[in-house]
1. Amide H neighbours of Phe265 under 5 Å, at least 5 residues apart or on other chains, H built in the peptide plane: list them.
2. Which of Pro298, Pro285, Pro59 moves the most in a Gaussian network model of the chain with Cα springs under 10 Å?
3. For Met148, Met304, what ranking results if the residue with the fewest other Cβ atoms within 10 Å of its Cβ goes first?
4. Expected output is a single nm value to one decimal: the length gained when fully extending between Gln336 and Ile107, i.e. 0.36 nm times separation in residues minus the C-alpha distance. What is it?
5. How far, in degrees from 0 to 90, does helix 13-26 lean away from the longest principal axis of the Cα atoms of the chain, to the nearest 10?
6. Using a 7 Å offset from the Cα along the Cα-to-Cβ direction at both Glu313 and Ser57, what is the distance between the two label points in nm, to one decimal?
7. Can you tell me the length gained on complete extension of the stretch Thr321 to Gln230, counting 0.36 nm per residue apart and subtracting the Cα distance?
8. In a GNM of the chain with a 10 Å cut-off on Cα contacts, which of Gly204, Gly87, Gly106 has the highest mean-square fluctuation?
Amino acid sequence: MLARGGALSPHSGLGGTHAALVERLRSGTITGYEVGDVHEYKISKNPIKRLWRRWKSGPSAVKLSSLKHDLVHITDQEQAGLVPISGHTIVTVHDLFHLFPSTRNGIAVGEQKPSLLRKKDLSKVRKGLARANLLVCVSKDTQQECEMRFPGVPTTWIPHAIKLDDYNVETECPSWFSKGCNLLVIGSEEERKRVDFAIEVCGGMDVTLHKIGAESSTESKSELIELAKQENCNLNWVGRLEQDEMIAALQHADALLFPSVAEGFGLPPLEAYAAGTVALVADAPAHNEIPLEHHILPIDDIEMWRTAILELEDESVAVRTRAEDFSIQNWAQRLQQAYDSLF
């Protein structure tokens, strides 16, 4: 049984991971295991109904259904309150940002001041993680923190995987690319993503920086556009792209800039590698587990980032070879072993 709470968009990180797991199990990718049931529900606008489903009806439904299944897999840590008291239960842990907020390089990560209601919710999530039989961590950094926060609960490391063949197709160069050097920055405008740092790096350089991803707010978009003017950065605000458009952008870009200071995994650098494109990545967890060593850069050294951009060269063979470590075949083998370990 696969379980989560409110159904998230497959275009979101957690929603996409859940949808991929459902599809892969249904297609027989994981030998010896199949989907018996999927628990999720349409997100309600009514806060009382949302709370009731999250704290009462959801856990009750999962508990009842777990009696008919060999294994319950909660697909993200935010839904760990669903973990039943008995049975075999796995929880995928993408990150612990909100459960244990911190400050990294002066940037707040996670909910620093949750409401009383949210504190109670987070307590239920932590207790659920402590009840689980196994925590599947998408990064080694998260695995180490889980071992510290939840001693006695077994953990395993299973990084995300992507369909490598999807990134090895012929595409046309996006019409919105400029002549010369085209760089991408992908993600939201959360402070930890540091889109502002990418703008500062590209300021005064003869490059075009394309910002991809749905903006967090019109205010954050306006602030970053204004910063680009101040820094003399040629910023092209693209917004959200469909998957085929994203692949084309990744294939034809000169590089991806990924200056984030905190990620549960960091999928864009892996996607860039799969597309044959260099990803320049800040030396911070957990995305620094993905790139080749010379693509990992100091978090705040603007000049080193600029030098790396000026010295870009074709490394398509090397980066695609690295991406193969994150194939679906490798992921499926690791997950099968994790499932087997509970029996």
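1. Under 5 Å from the amide H of Phe265: Ala286.
2. Maximum among the listed residues: Pro298.
3. Going from least to most buried by this count: Met148, Met304.
4. 78.7 nm
5. 60 degrees
6. The two pseudo-label positions are separated by 6.1 nm.
7. Result: 28.8 nm gained on full extension.
8. Gly106
Read-outs: derived from the displayed coordinates by stated rules, not from any lab. Keep in mind the model is a prediction, meaning the values are calculated, not measured. Every residue, glycine as well, gets a Cβ built from its backbone with ideal geometry; the counts of neighbours run over all protein chains shown.
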